[in-house]
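Engineer: Have a look at this one before I ask anything.
The values are calculated or read from the model by the stated rules, or taken from the named source; none is laboratory data. These numbers were taken from a predicted model, which means no experiment stands behind them. Glycine gets a Cβ as well: all are built from the backbone with ideal geometry, and neighbour counts include every protein chain shown.
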Amino acid sequence: MNEQGRSQFPPLETRQRFGRTLTAWAARNGWIHSTLQDWGHEAGFPTTRDSTFNRLQNGKIEQPQPLTFCQLQQVNQRLADQNFKGVSSRALMDRLKGSEPIVTHGKLWGAMEFFGHFIGELEGPDWSIPPQLLSPAEAEALSRQHQERFVAIAQERMVAPPVAWKELEHHCAGMSGAERDRLRNVLSGWHQWTPEEWQELAGDKEDPVLAALSKWAASG
């Protein structure tokens, strides 16, 4: 294999997927960019440097050193054991406590699993895979479903749309002001969800609009 062929393996898309897994892992555990480096420094074990972890997150290391995957294995094993010996900083301990290792199909990831994921031979954990966006047609159908349900409940309660919205809004506590405005426009028939808007609102949770509508319908 020539130099060009070597530099293209694994391809950028695969490296970026590995990076997204590391980013999701850090976010899931509430880590900041220097958490693993600080942990290794305080506890006295070799771990990835802050700059290396950041470059891996962004898919910028084409061919990491084998030691990198061994270092990730050490972190993962210590998390599985909840082994935080040597950590003296309260702030760092607070970040580490309760952190979870990467496990797929009951298998704790070691160096081979991290490497396999890096080259695209092993899928990441379910929580690292971004939910698939709705298609435009699915988003349109969902908008229509929400609007029809809103109208039906309002008719059952014998209230006009402005009053109905005021009642429903009490059950939308988890939504931002912008999200509420967008929802009101959808329920009024003035707007349809875009796939991106719906992903931003719902993420990987169950339909928050239908949940709010159900609470409203069941309220006195």
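Engineer: In the range 120-156, how many residues are in a helix (DSSP H, G or I) and surrounded by fewer than 16 Cβ atoms within 10 Å (Cβ to Cβ)? Walk me through it before giving the result.
Structural biologist: Step one: list which residues in the range 120-156 are in a helix (DSSP H, G or I), which gives 126-128, 136-156.
Keeping just the survivors that are surrounded by fewer than 16 Cβ atoms within 10 Å (Cβ to Cβ) gives 126-127, 136-138, 140-141, 144-145, 148, 151-152, 155-156.
Matching residues across the range 120-156 total 14.
Engineer: Keeping to the range 64-96, report how many residues are among the basic types (Lys, Arg), surrounded by 12 or more Cβ atoms within 10 Å (Cβ to Cβ) and part of a loop (DSSP other than H, G, I, E, B).
Structural biologist: 0
Engineer: Please list, ordered by first then second residue, the pairs with beta carbon atoms under 7 Å, 6 or more apart or interchain, first in the range 115-135 and at negative phi and without any contact (Cβ under 8 Å) to a residue 60 or more places away in the chain, second in a helix (DSSP H, G or I) and of a type in the set (Phe, Trp, Tyr).
Structural biologist: These pairs meet every condition: Phe115/Phe69.
Engineer: Here's a follow-up. Among the candidates Val159, Val163, which residue alone is assigned to a loop (DSSP other than H, G, I, E, B) and farther than 22 Å from Pro131 by Cβ?
Structural biologist: Val159
Engineer: Asp126 is checked against (1) modelled with pLDDT under 95; (2) in contact with a helix residue (DSSP H, G or I) (Cβ under 9 Å, 6 or more places away or on another chain) and fails just one. What number does that condition carry?
Structural biologist: The number of the failed condition is (2).
Engineer: Hey, another quick one. Can you name the residue in the range 11-63 that is small (Gly, Ala, Ser) and in contact with a Gly (Cβ under 6 Å, 6 or more places away or on another chain) and, of all such residues, is surrounded by the most Cβ atoms within 10 Å (Cβ to Cβ)? I'd like the intermediate steps shown before the answer.
Structural biologist: To start, the set of residues in the range 11-63 that are small (Gly, Ala, Ser) comprises 19, 24, 26-27, 30, 34, 40, 43-44, 51, 59.
Within this subset, residues satisfying the condition of being in contact with a Gly (Cβ under 6 Å, 6 or more places away or on another chain) are 19, 43-44, 59.
Working: Gly19: 20, Ala43: 18, Gly44: 8, Gly59: 18.
Checked the range 11-63; the qualifying residue surrounded by the most Cβ atoms within 10 Å (Cβ to Cβ) is Gly19.
Engineer: So which residues in the range 44-56 are under 15 Å from Leu72 (Cβ atoms) and touching a residue at least 24 places away in the same chain (Cβ under 8 Å), if there are any at all?
Structural biologist: Across the range 44-56, the qualifying residues are Phe45, Pro46, Thr47, Thr48, Phe53, Leu56.
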